[in-house]
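Data first, discussion second: the structure below is written as structure tokens.
Just so you know, all these numbers are worked out from the coordinates, no wet-lab data involved. A quick note: this is a predicted structure, and the numbers were derived from the prediction, not measured. Reconstructed Cβ throughout: ideal geometry from the backbone, glycine too, with neighbour counts over all protein chains shown.
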Amino acid sequence: MIDAKALVNDFLLKELSIETKKIGTKVLVKKNGGVPEYTADIVDVIVIPQSEFYRAKFMRFYKIYNYNSVKALKELANNFSFTPDYELGIGYILNVSEAPAMLTKTIKIKSELQVVQNSRIV
């Protein structure tokens, strides 16, 4: 089993700590393929794999473990112990719906977003 320190280094933890200050910030999700750009609110910040392949695997474990990113990363490491050739980065859990009752969440990595306001959700 891979040690948790091998998965997440000190630099990434410091970056995560800094990025959590963006919770509640409105961001612009950049255009991707056939999906136009749209605005969303950051509701949480986690560590995720940056590659599409490992991100898809991570998301499966993330849902199985009730949206616990630490358990999902550990399970990913257990199931892909011949790696990690994947690079971990900061992921943002976004609320993409205006209506609070219709909370729709999606996860994007830092490079897919642009901060549009410094205002926070009240």
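Brief remarks follow.
- Leu13/Ser81 FRET efficiency (R0 25 Å; Cβ-Cβ; nearest 0.05): 0.65
- Among the listed pairs Lys21/Lys74; Lys31/Lys71; Lys26/Lys74; Lys63/Lys110; Lys30/Lys74, a Cα-Cα separation exceeding 27 Å is found for Lys31/Lys71; Lys26/Lys74; Lys30/Lys74.
- On full extension, the segment bounded by Asn66 and Val43 gains 6.7 nm, given 0.36 nm per residue less the C-alpha separation.
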